[in-house]
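To start, the structure itself, in structure tokens.
The values are calculated or read from the model by the stated rules, or taken from the named source; none is laboratory data. Every value quoted in this text rests on a predicted model; they were computed, and no experiment measured them. Methodologically, a virtual Cβ is constructed for each residue, glycine included, from the backbone with ideal geometry; neighbour enumeration extends over all protein chains shown. Keep in mind that these areas ignore ligands, DNA and RNA; they rest on the heavy atoms of the full protein, side chains included. Shrake-Rupley method; radii C 1.70, N 1.55, O 1.52, S 1.80 Å.
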Amino acid sequence: MEKLNNSIDRSWIDELDKPLIISGPCSAESEQQILETANRLNPSYVKIFRAGIWKPRTKPNNFEGIGKKGLEWLRKVKKNMNFLTATEVANEEHVKLAISFEVDVLWIGARSTASPFTIQKIADALEGENNKIILVKNPIHPDIELWIGALERFVNKGIRKLGVIHRGFYTYKNSKYRNQPNWNLLFNFRDILPRIPIICDPSHICGNKKGIFDIAKKAYHFQYEGLMIESHCDPDHAWSDSKQQITPENLVKMLKELTYVRKCDQKNQKDLDSFRIIIDEIDENIIALLAERMNISKELGSWKKSTDVAVFQPNRWENIMEKSIVLGKSLGISEELLEGIFKLLHQESIKIQNQIR
Ligand code: PEP
Ligand code: MN
């Protein structure tokens with residue numbers, strides 16, 4: 001891993017103001033929308049202007065991006081305003097076009113990072129383009145190796161100006177996030193590759209406007225090197241991700257507040273907060289899982305009622321206890337703690353199921 005770490009060229013971000021702010025709309029929609037959004041973004045805060053030209057959508061028949069003509073608008077932003085430009089590429093054709101329109105930063109979307117075939121093709125298309133900055137979003141599921149594998153594929157093709165973006169992970173659980181952040185995983189990621197710049201994308205983590213500030217604040221606590229936040233001249237009428245986009249003015253307001261918060265951070269307080277953020281994250285996950293367990297327990301209660309099966313099944317209970325203690329031991333959890341927790345869980349399940357009866 002040391003070889004990969006040493007291959008990373010950080011000069012591109014070290015030359016820019018930090019934290020690096022990347023902003024602009026989820027998607028390019030019209031020339032007017034691109035130019036107005038860029039005009040209203042303040043280049044003393046925002047260094048890189050983003051806009052999606054090709055959009056990966058979950059289902060067909062949604063707006064799938066404006067395509068090539070949007071690259072002309074991005075080129076105008078680059079030539080006439082004080083921004084570098086960025087867009088997402090997902091295949092060789094995108095790479096070729098983005099390069100021909102002199103886009104400075106290409107990012108790899110979460111769905112692409114999850115596919116080694118796709119990444120290999122993009123990396124092949126980039127061979128020889130050693131000056132391009134490539135930002136690799138985390139794969140949709142929390143697999144560090146897959147993420148690192150994508151970086152290796154780029155380095156193998158001579159691409160060294162790299163960075164990564166934490167945009168959260170798909171979760172099957174109920175969650176207040178569109179994509180669950182995983183600060184702990186990112187902590188490990190930084191241990192493995194300490195040289196790579198990490199940027200946070202609160203917009204795709206939250207999926208709404210109101211959570212963005214809190215996520216950005218956490219990213220600053222963890223000393224991420226930048227933020228990618230979606231902004232739009234008319235967020236409510238955006239053609240994609242309208243719920244999470246904010247106006248350029250609100251972005252600057254938020255960035256000013258964040259600068260203030262950063263100044264107030266003391267070193268020790270920062271370390272303490274980092275641990276607390278990770279513990280809070282784990283607690284949130286535990287609560288979501290408990291809720292899921294209780295819901296299943298309710299469903300089981302109804303089933304037992306309809307089939308007239310007894311609520312308390314001693315064999316099943318002993319079995320759960322035994323299995324949990326063995327698993328817990330292998331993970332270094334004391335028997336006493338597990339026994340206590342599982343007794344409470346079991347009592348609660350029985351209570352719920354008896355109420356149904
Ligand atoms: C985006 O940045 O607009 C985007 C589609 O992101 P992600 O790949 O994180 O979903
Ligand atoms: Mn988006």
Residue-wise HN-Hα coupling along segment 96-101, computed from phi with Karplus coefficients 6.51, -1.76, 1.60 (Hz; x: Gly, Pro): 4, 5, 4, 5, 5, 9
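How many percent of DSSP beta bridges within the chain run antiparallel, rounded to 5?
Antiparallel: roughly 5 percent of the beta bridges in the chain.
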Please report the net charge: other residues with Cβ closer than 11 Å to the Cβ of residue 96, K and R +1, D and E -1. -2
For segment 2-257, what class follows from the C-alpha gyration tensor (a ≥ b ≥ c being the square roots of its eigenvalues): rounded when a/c is under 1.5, otherwise prolate if a/b is larger than b/c, else oblate? rounded
Based on Cβ point charges of +1 for Lys and Arg and -1 for Asp and Glu, what charge dipole magnitude is obtained for segment 2-257 about its Cα centre, in debye rounded to the nearest 20? 380
Accessible surface of residue 195 in the full protein assembly, 1.4 angstrom probe, to the nearest 10 Å²? 80
SASA check, residue 239, accessible area w/ 1.4 Å probe, all protein chains in place, rounded to nearest 10 Å², comes out at 130
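Taking a ≥ b ≥ c as the square roots of the eigenvalues of the Cα gyration tensor of segment 249-295, is the shape rounded (a/c under 1.5), prolate (a/b larger than b/c) or oblate?
Since a/c reaches 1.5 but b/c is at least a/b, the shape of segment 249-295 is classed as oblate.
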Residues whose built amide H sits under 5 Å from the amide H of residue 85, excluding neighbours closer than 5 in sequence, are 49, 104, 105
Percentage relative contact order, segment 2-257, counting C-alpha pairs under 8 Å, at least six apart: 21
Taking K and R as +1 and D and E as -1, what net charge do the other residues with C-beta under 11 Å from the C-beta of residue 74 add up to? +3
What is the helix-to-structure angle for 248-264, meaning the angle in degrees between its Cα long axis and the longest Cα principal axis of the chain, kept from 0 to 90 and rounded to the nearest 10? 70
Between 0 and 90 degrees, rounded to the nearest ten: what's the tilt of helix 116-126 against the longest Cα principal axis of the chain? 10
Taking the dipole about the Cα centre of segment 199-296, with the C-beta of Lys and Arg at +1 and of Asp and Glu at -1, give me whichever of 224, 269, 250 is farthest to the positive side. 269
Suppose every K and R has +1 on its Cβ and every D and E has -1 on its Cβ; what is the size of the dipole of segment 195-307 about the Cα centre, in Debye to the nearest 20? 320
Folded to 0 to 90 degrees: helix 144-156 orientation relative to the chain principal axis, Cα: 20
Considering only 106, 300, 71, give the residue with the highest GNM mean-square fluctuation for the chain, with springs between Cα atoms whenever their separation is below 10 Å. 300
Shape category assigned to segment 238-357 from the gyration tensor of Cα positions, a/c cut at 1.5: oblate
For residue 136, list long-range residues whose amide hydrogen, built 1.01 Å from N in the peptide plane, is under 5 Å from its own amide hydrogen. 108, 163, 164, 165
Over the chain, with a Gaussian network built from C-alpha contacts below 10 Å, which listed residue (322, 36, 145) shows the highest mean-square fluctuation? 322
Projecting the Cα atoms of 82, 164, 133 onto the charge dipole of the chain, where Lys and Arg contribute +1 and Asp and Glu -1 at Cβ, the residue farthest towards the positive end is 82
Unit charges at the beta carbon, dipole of segment 267-356: most positive-side option, 302, 342, 325: 302
Top mean-square fluctuation among 32, 245, 347, Gaussian network model of the chain, C-alpha springs under 10 Å? 347
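Note down the magnitude of the dipole of segment 267-356 about its Cα centre, charges +1 on Lys and Arg C-beta and -1 on Asp and Glu C-beta and zero elsewhere, to the nearest 20 debye.
Roughly 240 debye for segment 267-356.
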